[in-house]
Each structure stands twice: as structure tokens, then as C-alpha cells.
Amino acid sequence: SYILIAKAVVSTASPGERLKVLNNCLSHILAVLILYIPMLGLSMVHRFGKHASPLVHVLMANVYLLVPPVLNPIIYSIKTK
């Protein structure tokens, strides 16, 4: 939905406004990716890592729980400056 909104705004906006909209959409897309990439990794380890060490499962669970909340404010603070 962010991409459709960005396309609509970009087609009617000035170049400076376009850059601002694209930066805003990029930060939202990155925030979503830092949530879904660890989730996908954890799901893959759970599904295909039956013979993997329990340490791998614990490490992926910790990445899933800790990385998105840590990186989310960093992404938004960098992109909004």
C-alpha cells in the first residue's frame, strides 16, 4: 500500500516532495523488512532445522525478538533527519 501511495504522490509532486515521500516510504519498507526477515529465518529454522543444535533455535529466537525493536528506532531516526 505504501508503494501505491508513493506512486500517486510522486506523479503529482515537485522533485523535492518526491524525494521526501520516497524517503518516508523507504523507512517504512525497511521497518517492515526488519520484522519479516527474522520471522522468516525463525520459521525456516523451525521447519527445516530439526537436526540443528538447540543453540541455533535459541539464537534465531533471540534475533527475532531483539533485532526489530532495536533497529526500528534507528531506521526512523536516520531517515527523518
Could you work out the helix-only [θ] at 222 nm for the chain, with each DSSP H run of four or more residues adding -39,500 (n - 2.57) and the total divided by the number of residues, to the nearest 500 deg cm²/dmol? -31000 deg cm²/dmol
In the chain, which whole DSSP H runs stretch at least 20 Å along their own axis (Cα) and average -1.0 or higher on the Kyte-Doolittle scale? 15-48, 54-79
Counting only C-alpha contacts under 8 Å and six or more residues apart, can you give the relative contact order of the stretch 1-80 as a whole percent? 35 percent
Quick one: accessible area per residue over the chain, 1.4 Å probe, rounded to a whole number of Å²? 76 Å²
With N denoting the number of residues in the stretch 1-80, provide Rg(C-alpha) divided by 2.2 N^0.38 Å, to two decimal places. 1.49
Protein accessible area in the stretch 1-80, 1.4 Å probe - carbon and sulfur %: 74 percent
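The values are calculated or read from the model by the stated rules, or taken from the named source; none is laboratory data. Here the structure is a predicted model, which is why all the values come from computation and not from measurement. We work out accessible area using only protein heavy atoms, side chains counted, and drop any ligands, DNA or RNA first. Shrake-Rupley method; radii C 1.70, N 1.55, O 1.52, S 1.80 Å.
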